[in-house]
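Novice: Just passing along the structure, written as structure tokens.
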Amino acid sequence: MNTKIVILGAGYGGLMTAVKLQKLLNYNEAQVTLVNKHNYHYLTTWLHEPAAGTLHHDNCRIEIDTVIDKNKVNFVQGTVESIQSEERKVTLQDGTTLDYDYLVIGLGSEPETFGIQGLKEHAFSIRSINSVRMIKEHIEYMFSKYRNEPSRKDYLNFIVGGAGFTGIEFVGELADRIPELCKEFDVDPSFVKIYNIEAAPTALPGFDPELVEYAMNILRDKGVTFKINTPIKECNPDGVILADGEEIKAGTIVWTGGVRGNSIIEKSGFEVMRGRVKVDEYLRAPGHDNVFIVGDGALIFNEENGRPYPPTAQIAIQQGETLAANLVVTVRGAGEMKKFVPELKGTVASLGKGEAIGIVGNKKIYGNTAALMKKVIDHRYLYMLGGVGLVLKKSKF
Ligand code: FAD
Ligand code: NAD
């Protein structure tokens, strides 16, 4: 009987594991099943663009069928409900159960709301094709609503809670979209306000201060108002209340205040910290030699400074590659598994059209050069996943 490998989630980590496995395994060497909610993989790292409406959401998704080899990987479209690790089974929402010898969990993340009242109910978050389609539609609706109730200028206020990389990238796109919306809905651009609110004493906490300043200046010039060192304390249908008591009204609130691991992992009995499992050097969950976690659900530490690595696509992709090779070693019972050590190439964040900041290697980049680098990174991933064909199909150039 062939070894059964079940991969949950076709995100950066899960899909890369599947694509590498199909390259490395011979036919019939293992039975690989990939489970995902949708029949497409989405490019989370691009989602701030369709959320603002500067790119169509179809550009950010890839049919799973077009990147997997059906002779080697069986794709199941379904929503995972729970994992029964004792019985080596996964249950899907439709009641189907799948059994496994080895399990790869790549279910991504969920918004971390820190228990802030009203956030779950009244704020949007940038997390999937479905969520960003709703943000884009809502933004347009608020413009049309304002046209019918001109006394409600607050409909044209936008609050983006959290000035981490997601918040910064989103306000950059949003600021680019506003002039177009104002033209379409006959709105005076000076009526529109974008607030990016951050709890920490700086935007992009921990990032290079010179690049942070550059980013904030670019975004301010585009019309973004920063409120730094002012945590959001509460969210309601009409806006937010800050820790200092100030109330800001808005028609659109987008929460970009951080992420935690998918709650299915915790509900299935794995020990977690902010929803993430502290995995071993082979990405295994403690006490489970046959359960591997990749991507945002895996907590790994930088041995040099003892701090956790941030959850990024860059790391999820590398984990998928290493894990696929280790699974092949395990299936064949020959060779040695490789420890996972991230090879960080840098960070580049977009600030809207033609503008970005980044550190590549130890070189700081900004402006057009950084914007070009961001596109190169995006295309490199497409190439890794589906070769030149996929690059040409989804190219941003
Ligand atoms: P994901 O890519 O989120 O995939 C999870 C998959 O699991 C999805 O396909 C989802 O549909 C599926 N799934 C979830 N629940 C279920 C279920 N119950 N049943 C079945 N399937 C399910 N990182 C970078 O390195 N560089 C960047 O430039 C960058 N930019 C970003 C920009 C934005 C706007 C955002 C929001 C994040 C960005 N990140 C970036 C972070 C990066 O996107 C995440 O770290 C990465 O997506 C994590 O990959 P993953 O494989 O863990 O999960
Ligand atoms: P994050 O955790 O990096 O940033 C969240 C921000 O929200 C923080 O600055 C935090 O101080 C702030 N915050 C928290 N509570 C708040 C409150 N009550 N009021 C106001 N502000 C509050 O989360 P993210 O930006 O969603 O990023 C998630 C992960 O994805 C990170 O690892 C990030 O590096 C990665 N990412 C990378 C890129 C890129 O490389 N270009 C882009 C987007 C995201």
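Each value in this text was obtained by applying a stated rule to the coordinates, not by laboratory testing. It should be emphasised that the depicted structure is a prediction, and the values quoted were computed from it without experimental measurement. Don't worry about glycine lacking a Cβ; one is built from the backbone with ideal geometry, like all the others, and counts go over all protein chains shown.
Novice: Pull up all non-local amide H partners of Thr3: gap of 5 or more, or a different chain, and H-to-H distance under 5 Å with H placed in the peptide plane.
Specialist: Those lying under 5 Å, H to H, from Thr3 are Gln31.
Novice: Under 10 Å, Cα contacts only: if you run a Gaussian network model on the chain, which one of Ile168, Ile241, Ile253 comes out with the highest mean-square fluctuation?
Specialist: Comparing Ile168, Ile241, Ile253 in a Gaussian network model of the chain, the most mobile one is Ile241.
Novice: With a sphere of radius 14 Å drawn around the Cβ of Gly261, what net charge do the other residues whose Cβ falls strictly inside it have (Lys, Arg +1; Asp, Glu -1)? Could you put the intermediate results ahead of the total?
Specialist: Details: positive: Arg127, Arg260, Lys267, Arg274, Arg276, Lys278; negative: Glu110, Glu112, Glu266, Glu271, Asp296.
Residues close to Gly261 contribute a combined charge of +1.
Novice: Shifting gears a bit: Using the Cβ atoms and a cut-off under 13 Å, what net charge is assigned to the surroundings of Gly95, where Lys and Arg are +1 and Asp and Glu are -1?
Specialist: Numbers: positive: Lys89; negative: Glu81, Asp94.
Taking every other residue near Gly95 into account, the sum is -1.
Novice: Based on the alpha-carbon gyration tensor of the range 119-255, what equivalent-ellipsoid semi-axes (square roots of 5 times the eigenvalues) come out, in whole Å, largest first?
Specialist: Details: eigenvalues 107, 59, 42 Å².
Semi-axis lengths for the range 119-255 are 23, 17, 15 Å.
Novice: So what's the gap between the Cα centers of the range 259-315 and the range 1-67, to the nearest angstrom?
Specialist: After rounding, the separation between the Cα centres reads 19 Å.
Novice: Could you tell me what fraction of 2.2 N^0.38 Å the Cα radius of gyration of the range 187-301 comes to, as a two-decimal ratio?
Specialist: Working: Rg = 19.3 Å, N = 115, 2.2 N^0.38 = 13.4 Å.
The value comes to 1.45.
Novice: Report the charge-dipole magnitude of the range 119-255 in Debye, nearest 20, computed about the Cα centre from +1 at each Lys and Arg Cβ and -1 at each Asp and Glu Cβ.
Specialist: 340 debye
Novice: Right, next: Using each residue's phi in the range 239-255, evaluate 6.51 cos²θ - 1.76 cosθ + 1.60 at θ = phi - 60° and report the 3J(HN,Hα) Karplus result to the nearest Hz, with x for Gly and Pro.
Specialist: x, 10, 10, 8, 4, 7, x, 5, 10, 10, 8, 7, x, 9, 10, 10, 8
Novice: Less than 12 Å Cβ to Cβ from Val32, Lys/Arg counted +1 and Asp/Glu -1: what total charge do the surrounding residues give? Working shown, then result.
Specialist: Values: positive: Lys4, Lys20, Lys23, Lys70, Lys72; negative: Glu29, Asp69, Asp101.
So the environment of Val32 carries a net charge of +2.
Novice: Let me ask something else. Indicate the gyration tensor shape class of the range 343-386 (rounded, prolate or oblate), computed on the Cα atoms with a ≥ b ≥ c the square roots of the eigenvalues: a/c under 1.5 is rounded; otherwise a/b larger than b/c is prolate and the rest oblate. Walk me through the numbers before you get to the answer.
Specialist: Values: a/c = 2.76, a/b = 1.28, b/c = 2.15.
It is oblate, given that a/c is not under 1.5 and a/b is not larger than b/c.
Novice: So for the range 119-255, averaging the separation of alpha carbon pairs under 8 Å that are six or more residues apart and normalising by length, what relative contact order in percent results?
Specialist: Working: 216 pairs, mean separation 46.1, N = 137.
Result for the range 119-255 is 34 percent.
Novice: Send over the per residue convex hull volume for the chain, Cα only, as a whole number of Å³. Don't skip to the end; give the middle numbers.
Specialist: Numbers: hull volume 58.5 nm³, N = 397.
Cα convex hull per residue, to the nearest whole number: 147 Å³.
Novice: Related question: Residues with amide H under 5 Å of Tyr40's amide H, sequence separation 5 or more or different chain, H placed in the peptide plane at 1.01 Å from N; which?
Specialist: Ile64
Novice: Go ahead and estimate [θ] at 222 nm for the chain from helices alone: -39,500 (n - 2.57) per DSSP H run with n ≥ 4, summed, over the residue count, rounded to 500.
Specialist: -10500 deg cm²/dmol
Novice: If you count, for each residue, the other Cβ atoms within 10 Å and average over each peptide, how do 299-306, 271-278 line up from highest to lowest? Before the final figure, lay out each step's value.
Specialist: Numbers: 299-306: 11.5, 271-278: 17.9.
Ranking, from highest mean packing down: 271-278, 299-306.
Novice: Using unit Cβ charges (K, R positive; D, E negative) and no other charged atoms, how large, in debye to the nearest 20, is the dipole of the chain about its Cα centre?
Specialist: Computed about the Cα centre, the dipole is about 760 debye.
Novice: Relative contact order for the chain using alpha-carbon pairs under 8 Å, separation at least 6, rounded to a whole percent?
Specialist: Working: 808 pairs, mean separation 73.2, N = 397.
Contact order relative to length: 18 percent.
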